[in-house]
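Novice: The structure's right below; bear with me while I get my questions together.
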Amino acid sequence: MILQSLRVVSQGSQGELLLGGRSLYRWLGGFTLIIIWVPFLMGHRISLNLLIPLLFGINLFYSLTTFRILQLLATISSVNWRTLTLAAAGYVQLGLTCGKLAILLEVLQPGSFDMGSMPGGEEVLQRLNYFSFVTLGSIGFGDVIPKTTAAELLANLISISGVLYISLLMGIVLSRYIASETEALVEELDCESKR
């Protein structure tokens, strides 16, 4: 997913991205691609002093990717399958970004979430990503519960982000679709009037 983000999302002009443009975004993506393997290579025994900077780097890349997808969607001229695929990828990216933020919060403040009964072998990473998507979709099963004020604020942010994303996306897609249909109708009427 990181490689695909680097391929698709880093397209465009230099000034369209935050923090230095395409080269910094690509560097951060490469860094993220490497550091996501650190916990696996260390047998999930990673010190807190190393884990926190790693999570900050991952969160920064995921957040920039989500922001960039929103920028790309805002500048589309017409709706096609690529646009719809990008919109779906943006929603998944938003969920993953929120999940990574929840993981970072749990690392910084252990006990921020009551994980409920976790199935055997499930890790905190999977559980908080699940929580993120359930909250993003405004489902809220209640099996993972925010326990601290910061966790409650994050849950509110995730919930609001999901509603805003869908609202903005529908507005953008519908307006572009209506504009393209109107343009096609005007062209058709012009051709008929010239005959």
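Novice: Using the per-residue mean of other Cβ atoms lying within 10 Å as a proxy for protection, in what order, highest first, do the peptides 171-181, 49-59, 150-160, 95-105 fall?
Specialist: With the highest mean Cβ count within 10 Å placed first, the list reads 95-105, 150-160, 49-59, 171-181.
Novice: How long are the three semi-axes of the equivalent ellipsoid of the chain, in whole Å, if each is the root of 5 times an eigenvalue of the C-alpha gyration tensor, listed from largest down?
Specialist: So the equivalent ellipsoid measures 38, 21, 13 Å along its semi-axes.
Novice: As a check on your grasp of the helix formula, calculate [θ] at 222 nm for the chain: sum -39500 (n - 2.57) over DSSP H runs of n ≥ 4, divide by the residue count, round to the nearest 500.
Specialist: -24500 deg cm²/dmol
Novice: What does the extension gain come out to for Trp81 and Ser23, with contour length at 0.36 nm per residue minus their alpha carbon separation?
Specialist: That pair, Trp81 and Ser23, stretches by 18.1 nm at full extension.
Novice: Another question, if that's okay. How much length would be gained if the chain were fully extended between Ser47 and Thr149, taking 0.36 nm per residue of separation minus their Cα-Cα distance, in nm to one decimal?
Specialist: So the extension gain works out to 34.2 nm.
Novice: Any chance you could list P(r) for region 79-195, counting all Cα-Cα pairs in 5 angstrom bins from zero, rounded to whole %?
Specialist: Distribution as computed: 2, 11, 17, 17, 12, 9, 8, 6, 5, 4, 3, 3, 2, 1, 0 percent.
Novice: Magnitude of the Cβ-charge dipole of the chain, K/R +1 and D/E -1, about the Cα centre, nearest 20 debye?
Specialist: 580 debye
A short reminder: the numbers here are calculations on the coordinates, not readings from a lab. None of the values given here were measured: they were computed from a predicted structure. For neighbour counting, all protein chains shown are included, and Cβ atoms are generated from backbone atoms with ideal geometry for every residue, glycine included.
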